[in-house]
Each structure stands twice: as C-alpha cells, then as structure tokens.
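K.L.:
What follows is a single structure, and I will ask about it in a moment.
The values are calculated or read from the model by the stated rules, or taken from the named source; none is laboratory data. These numbers were taken from a predicted model, which means no experiment stands behind them. Ideal geometry is used to build each Cβ from the backbone, glycine not excepted, and the neighbour counts take in all protein chains shown.
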Amino acid sequence: MPETPATTAADATAGATPAKRSLGSGPGRLLVTLYGVFTVAAASRSAYQVIAQFDLAPLAYSLSAVSAVVYGFITFSLVRGGEGARRAAFACCALELLGVLGIGTWTLVDRSAFPDATVWSDYGMGYLFIPILLPVTGLIWLRRARTT
C-alpha cells in the first residue's frame, strides 16, 4: 500500500521529537534507588552536622551538604528522563567522580583538614566505597542509555 503525503508528514513529525524515556527503568532503577538513598543519607547527615556541629569541621560538613545536592540532582535527572536530563546527569556523575577522587585523596594526604569525615572521605570508605562505585556505574549506564 503506497504512503500518502499526509502519512509521511505525520511520521516525520513523530520521528522529529523522540519520546522522553525514563533513565530509571530497567537496571537504572537500582541507580535511582541508590542515589535516592544517598540523597537522604547525605542530606540528613549534613543538615544535622551543619546545625549542631558546624564549628567542629565546617569544611567536611559543607562538602557533605554539596554531595547531598549532587546526589539529589542526579536522582531527579534519572527519574525525569529524556536526552537533556541524561546529559545533565552524565555531567553531574562526572563531577561527582572528580569530587570523590579529589576529596578522597585530600583526606588521605591532609588528615588535619578533615577533623570529621565527609561522605566522600577516603573514597567513601565509611559508606562501603559505594560513593566511588556509584558515579562510575552511573556514567556507564548513562552512556549506554544515550539516544541516537
């Protein structure tokens, strides 16, 4: 059956705007769950520390608050889906990985700068090294989830 011009135009229009697909489907659900848990954990820990103990380790507690914001943004982007959210989540995962590597190294080199641990201290040792594994896994997942 030959295509009519109206059918071809409708098909072209439908193909021009790809449907927004969730990045948190399939194996991505585990990432969403882990990032959600880490958002709550880092946010609640840093909120308490900033309110009750900020003068003891302001750098460490501020960095824990930053990690909570990063985790929250990645969680939101994974749930939102779409190419723009995938790119934003990819950039944030790369930033997170740099943060974990940088803070992890800094805490090993200059212990006096961190009288208390951050989420990313010692490459996330206090959290079973999940903070170093999470952005690597996220980057791999987001690279595979790329739409063409």
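K.L.:
Out of everything in the stretch 69-87 that is among the β-branched types (V, I, T) and free of Cβ contacts under 8 Å to residues at least 40 places away in the same chain, what residue ends up being nearest to P135 (Cα to Cα)?
P.N.:
For the stretch 69-87, the residue satisfying everything is V70.
Residues checked against (1) assigned to a helix (DSSP H, G or I); (2) of a type outside the set (V, I, T); (3) over 19 Å from G126 (Cβ atoms); (4) touching a Lys or Arg at 6+ places or on another chain (Cβ under 9 Å):
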residue: L31; (1), (2), (3), (4): yes, yes, yes, no
residue: L34; (1), (2), (3), (4): yes, yes, no, no
residue: V37; (1), (2), (3), (4): yes, no, no, no
residue: A47; (1), (2), (3), (4): yes, yes, no, no
residue: L63; (1), (2), (3), (4): yes, yes, no, no
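K.L.:
Being surrounded by fewer than 18 Cβ atoms within 10 Å (Cβ to Cβ), more than 22 Å from A41 (Cα to Cα) and of a type outside the set (D, E, K, R) is the filter here; which residues of the stretch 72-87 pass it?
P.N.:
Passing the criteria: G82, G84.
K.L.:
Can we say G104 is in a helix (DSSP H, G or I), within 14 Å of the chain's Cα centre (by Cα), surrounded by fewer than 21 Cβ atoms within 10 Å (Cβ to Cβ) and small (G, A, S)?
P.N.:
For G104, the condition - in a helix (DSSP H, G or I), within 14 Å of the chain's Cα centre (by Cα), surrounded by fewer than 21 Cβ atoms within 10 Å (Cβ to Cβ) and small (G, A, S) - is not met.
Every residue, every condition in (1) modelled with pLDDT under 95; (2) under 24 Å from L142 (Cβ atoms), yes or no:
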residue: I51; (1), (2): no, no
residue: A60; (1), (2): yes, no
residue: V69; (1), (2): no, yes
residue: L78; (1), (2): yes, yes
residue: G81; (1), (2): yes, yes
residue: R87; (1), (2): yes, yes
residue: L98; (1), (2): no, yes
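K.L.:
Restricting to the stretch 80-92, give me the number of residues that are in a helix (DSSP H, G or I), closer than 20 Å to T33 by Cβ and out of contact with any Phe, Trp or Tyr (no Cβ under 9 Å at 6 or more places or on another chain).
P.N.:
3
K.L.:
Restricting attention to the stretch 128-148, which residues are surrounded by fewer than 20 Cβ atoms within 10 Å (Cβ to Cβ) and either charged (D, E, K, R) or at pLDDT below 90 (or both)?
P.N.:
Passing the criteria: R143, R144, R146, T147, T148.
K.L.:
Something else about it: Do any residues in the stretch 119-136 that are over 15 Å from A41 (Cβ atoms) have Cβ atoms under 7 Å from those of residues that are of a type in the set (A, V, I, L, M), where the two are at least six apart or on different chains, and which pairs are they?
P.N.:
D122/L108; Y123/V100; Y123/I132; I132/V100; P135/L97; P135/V100; V136/L97
K.L.:
Continuing with this model, one more query. So which residues in the stretch 107-148 are in a loop (DSSP other than H, G, I, E, B) and either of a type outside the set (A, V, I, L, M, F, W, C) or under 16 Å from S64 (Cβ atoms) (or both), if there are any at all?
P.N.:
Residues satisfying the conditions are D110, F114, P115, D116, A117, T118, V119, W120, R146, T147, T148.
K.L.:
Check off (1) buried (at least 17 other Cβ atoms within 10 Å of the Cβ); (2) at pLDDT 95 or above for R45 and give me the number that stays unchecked.
P.N.:
(2)
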